[in-house]
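The values are calculated or read from the model by the stated rules, or taken from the named source; none is laboratory data. Every value quoted in this text rests on a predicted model; they were computed, and no experiment measured them. Heads up, the Cβs are rebuilt from the backbone with ideal geometry, glycines too, and the neighbour counts pull from every protein chain shown.
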Amino acid sequence: MKLQEQFVQSVCFYFKEEGKAWLQKLPDIIKYCEQKWMLKVGEPYHLSINYVAPAKLESGKEVVVKFSIPGVAFLDEVESLRLFNHHGMVQIIDFDRERGIIILEKLTPGYTLATVKNDELACRFAAEVLKKLSISSPNNNRLQTTAIREKSLQATVAENEDGYGPLSSHTLKTALTLFTKLNQSITHYKLLHGDFHHYNVLASGEADWVAIDPKGLLGETEYDVIQFLLNCLPEKEVYEVTSKRVDIFTKGLQLNKERLLLWGYCHTVLATSWSVEGSNYSKPFYQMIEIFERMYKETYDKEIAQYTI
């Protein structure tokens, strides 16, 4: 079984020895899947860290099969798919907890929101999807709150007192302080996608868009918007484009603009830290730190570090 080279590298980079062992077992897991659900798995899509491919049931119905390393992330995805219950989210058909398999409906035509070249129109489509996803946090679920993201940044700060990659010690500590203040002042928790961006929104039908690949998180919608703002940015006029995007989301979803900009700053610092690999890092993410800081100052006439609850 020949696997995409970048897929193999990514799995080994993120999951180390566990990833290597999973890749060895993947052909057998696929065979198990085909036998259990009586389906035939086709050639995979372009892969990241999960093996995702179209499949056809004996009845002729087309579905999508996703193979993941079993664990917390897989269980959170299954939980969030179940809780969203097809409201703006791809429908889950079945899953296998032990082997990390999810059977999903196939979205047709299935192209991503990144193919919409009019940026304002893409944002409006995204806002409509987020409206459908906007439900209060259900009782008795396994999902973590956005405090788990704060803990991730806290670990980076603790291990890198003098800064990390392009991030100065001051920037890291400012972002961590904001994370703490924002998490402590959430008044109403909602079920969040956790990784909402252009490539996780697919076309379904002639005039509808549906989210895929939820990470599963509890928090504010203002936080869930940020990863979308970091993606598909132009080479020029990034500030102006971001400003328009922020206005579309805040007005369309009736969001708190101040909290959105603050979440933007601290999550962008976190996202940049996640991208650091040696001397490499995501420059598109990194540039957005200054943009959120500037936008906050121009809107509220104070430094972002001066925010108080």
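So, in region 57-68, exactly how many residues are more than 21 Å from Trp22 (Cβ to Cβ) and surrounded by 15 or more Cβ atoms within 10 Å (Cβ to Cβ)?
Quick first cut of region 57-68, residues more than 21 Å from Trp22 (Cβ to Cβ) only: 57-63.
Now narrow it down to the ones that are surrounded by 15 or more Cβ atoms within 10 Å (Cβ to Cβ): 63.
Counting residues in region 57-68 that are more than 21 Å from Trp22 (Cβ to Cβ) and surrounded by 15 or more Cβ atoms within 10 Å (Cβ to Cβ) gives 1.
Among Thr115, Thr174, Thr145, which is the only one that is polar (S, T, N, Q) and either in contact with a helix residue (DSSP H, G or I) (Cβ under 6 Å, 6 or more places away or on another chain) or at pLDDT below 95 (or both)?
Working: Thr115 fails: either in contact with a helix residue (DSSP H, G or I) (Cβ under 6 Å, 6 or more places away or on another chain) or at pLDDT below 95 (or both); Thr145 fails: either in contact with a helix residue (DSSP H, G or I) (Cβ under 6 Å, 6 or more places away or on another chain) or at pLDDT below 95 (or both).
On inspection, the qualifying residue turns out to be Thr174.
Using beta carbons and a limit of 6 Å, which pairs, at least six apart or on different chains, have the first residue in region 68-93 and on the phi > 0 side of the Ramachandran plot and the second one not in a helix (DSSP H, G or I)?
Cβ pairs passing all conditions: Gly88/Ala211.
Given the residues Phe285, Phe196, which is the only one that is crowded, with 19+ Cβ neighbours inside 10 Å, in contact with a Leu (Cβ under 8 Å, 6 or more places away or on another chain), in a loop (DSSP other than H, G, I, E, B) and of a type in the set (Phe, Trp, Tyr)?
Values: Phe285 fails: in a loop (DSSP other than H, G, I, E, B).
After ruling out the rest, the residue left standing is Phe196.
Would you be able to tell me the number of residues in region 208-231 that are crowded, with 21+ Cβ neighbours inside 10 Å and free of Cβ contacts under 8 Å to residues at least 24 places away in the same chain?
Summing the residues that are crowded, with 21+ Cβ neighbours inside 10 Å and free of Cβ contacts under 8 Å to residues at least 24 places away in the same chain in region 208-231 gives 0.
When both residues are 6+ apart or on different chains and their Cβ atoms are under 9 Å apart, which pairs have a first residue that lies in region 99-116 and is closer than 15 Å to Glu62 by Cβ, and a second that is assigned to a helix (DSSP H, G or I)?
Ile103/Cys33; Ile103/Trp37; Leu104/Leu81
Among the numbered criteria (1) in the same structural domain as Val225 (by TED's automatic domain parsing); (2) in contact with a strand residue (DSSP E or B) (Cβ under 7 Å, 6 or more places away or on another chain); (3) modelled with pLDDT of 95 or more, which single criterion is violated by Pro138?
Unmet for Pro138, out of (1) in the same structural domain as Val225 (by TED's automatic domain parsing); (2) in contact with a strand residue (DSSP E or B) (Cβ under 7 Å, 6 or more places away or on another chain); (3) modelled with pLDDT of 95 or more: (3).
Could you grab me the full set of residues in region 1-24 that are among the basic types (Lys, Arg) and surrounded by 12 or more Cβ atoms within 10 Å (Cβ to Cβ)? Before you say what the answer is, go through the steps one by one.
Taking region 1-24 and keeping what is among the basic types (Lys, Arg), we get 2, 16, 20.
Once the filter is applied, which keeps residues that are among the basic types (Lys, Arg) and surrounded by 12 or more Cβ atoms within 10 Å (Cβ to Cβ), region 1-24 yields only Lys20.
With the requirement that a residue be farther than 20 Å from Asn118 by Cβ and among the charged types (D, E, K, R), what does region 179-234 give you?
Matches in region 179-234: Lys181, Lys190, Asp195, Asp213, Lys215, Glu220, Glu222, Asp224.
Whether any residue in region 51-59 is of a type outside the set (Ser, Thr, Tyr), modelled with pLDDT of 95 or more, within 28 Å of Leu192 (Cα to Cα) and part of a helix (DSSP H, G or I) is what I want to check.
Looking for residues that are of a type outside the set (Ser, Thr, Tyr), modelled with pLDDT of 95 or more, within 28 Å of Leu192 (Cα to Cα) and part of a helix (DSSP H, G or I), one finds none in region 51-59, hence no.
Any residue in region 1-28 that is over 15 Å from Phe67 (Cα atoms) sitting within a Cβ distance under 6 Å of a residue that is outside any helix (DSSP H, G or I)? List the pairs, counting only those 6 or more apart or interchain.
Partner pairs satisfying both residue conditions: Tyr14/Ile49.
When region 300-309 is examined, which residues are found to be part of a helix (DSSP H, G or I), in contact (Cβ under 8 Å) with a residue 12 or more places away in the chain and more than 14 Å from Gly264 (Cα to Cα)?
So in region 300-309, the residues part of a helix (DSSP H, G or I) come out as 300, 304-306.
Filter again for in contact (Cβ under 8 Å) with a residue 12 or more places away in the chain, leaving 300, 304-305.
Hit for region 300-309 is Tyr300, nothing else.
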